[in-house]
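One structure is given here, and the rest of the page talks about it.
The values are calculated or read from the model by the stated rules, or taken from the named source; none is laboratory data. Quantities reported herein were computed from a predicted structural model and do not represent experimental measurements. Counting neighbours? That spans all protein chains shown, and the Cβs are built from the backbone with ideal geometry, glycine included. Accessible surface is based on the protein model in full, side chains and every heavy atom, while ligands, DNA and RNA are left aside. Shrake-Rupley method; radii C 1.70, N 1.55, O 1.52, S 1.80 Å.
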Amino acid sequence: MTDETTGSRLVDNWRRVALGIVLALVVLLAVVFGAMWLYSGHLYRTSYESEYTYEVTLSTNGTLTNATVYLPVPDATDGTDLGAAAVETGTNRSGPLTYEVVETDRGPMLALSAAELRVTPEYYEFVERDGRGERVEISEDEYEPGNPSMVVNDTRNVRVEVTVPVDRSIDTATPWDDEPVFGPQVDRRPTACDTPGPDRIECYEYDSAVYASYDTDADTEVYASATVHGTNSWWVFGWSADEYRDDVTVTLDGPQDDWTGVTGTLQTDVDQREPP
């Protein structure tokens, strides 16, 4: 046997070994990716959940007396009445507020009421203790307006919030068909979204109204908002979701005693993932 023949056989043997290794790696990768695909499907099915959240916020930089504010309530749908849920189980943060759902000629509203919503300024200073920064409360006499390490909180914020889970997938593409949104949405029309996003996100605006009645100083500014969003979420090596979001916000100056026209915004996700 010549050296040339022996060398040729060695090359053939190495080729067979290399081919075997490559085939083994291909099979291994196929098994790994197949297992990952099956496990991803399992994670998707077992983590998929849907829920609605309705929240109302009221913020003022001046004391309000004899205050009543009406903000939109989502339309009740089969099995989901977020207005009733807010009254029965909603979390009232930083009260005191009473709230109830009332019917008006502009649709159902959540009526927020308080004999007095007092704003008491709170003063703070940022100090360093044991190598760490801390915020400590100080008195009004200690507060120095020009001192950058001192701040004053001269607003009062109240919020009502409720979350209701549902055992079905939520329609995030056309929520006005069967999902809880604020109504009536007069002259709903397409509009540019406030922030850039993927093409699957589409935005609309519509005409709505809120009612406010209270006594306060002329320079008082009140911010009020109502938001409802329906979310489908799942975990596959990280959380993902599709969602619709309906918002009505208004800023009011001085005393109030009437309805105010506002523009509501509705954001939808038209590329909703197929539910499990």
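Worth a mention:
- Calculated from backbone phi, Karplus (6.51, -1.76, 1.60) coupling profile of the range 177-186 in Hz, x at Gly/Pro: 6, 9, 9, x, 10, 6, x, x, 9, 6
- Across the range 63-184, Cα-Cα distances exceeding 18 Å account for 66% of all pairs.
- Environment charge of Pro184, counting only residues whose C-beta is closer than 12 Å and scoring Lys/Arg +1, Asp/Glu -1: -2
- The modelled label-to-label distance between Tyr143 and Ser213, using points 7 Å beyond Cα along the C-beta direction, is 3.3 nm.
- Under a 5 Å amide H cut-off, with hydrogens placed 1.01 Å from N, Thr220 pairs with Gly254 among residues at least 5 apart or on other chains.
- Across the range 163-173, coupling constants 3J(HN,Hα) worked out from phi with the 6.51/-1.76/1.60 Karplus curve, θ = phi - 60°, read 10, 10, x, 10, 9, 8, 6, 8, 7, 9, 8 Hz, and Gly and Pro carry x.
- As a fraction of the 1.4 Å probe accessible area of the range 73-220, surface on carbon and sulfur atoms comes out at 43 percent.
- Among 120-132, 173-185, the peptide with the highest mean count of other Cβ atoms within 10 Å heads the list, and the full ranking is 173-185, 120-132.
- Accessible area per residue in Å² at 1.4 Å probe, computed on the range 142-276: 52
- Peptide packing for 102-108, 135-141, 57-63 was compared via the average number of neighbouring C-beta atoms within 10 Å per residue; ordered from the highest value, the list is 57-63, 102-108, 135-141.
- Listed values for the range 217-226 are Karplus-derived 3J(HN,Hα) couplings in whole Hz (6.51 cos²θ - 1.76 cosθ + 1.60, θ = phi - 60°), namely 6, 5, 9, 6, 10, 10, 10, 10, 8, 10, and x replaces Gly and Pro.
- Computed over neighbours whose Cβ is under 13 Å from that of Val119, the net charge equals -4, Lys and Arg +1, Asp and Glu -1.
- Normalising by residue count, the range 126-272 has a Cα convex hull of 225 Å³ per residue.
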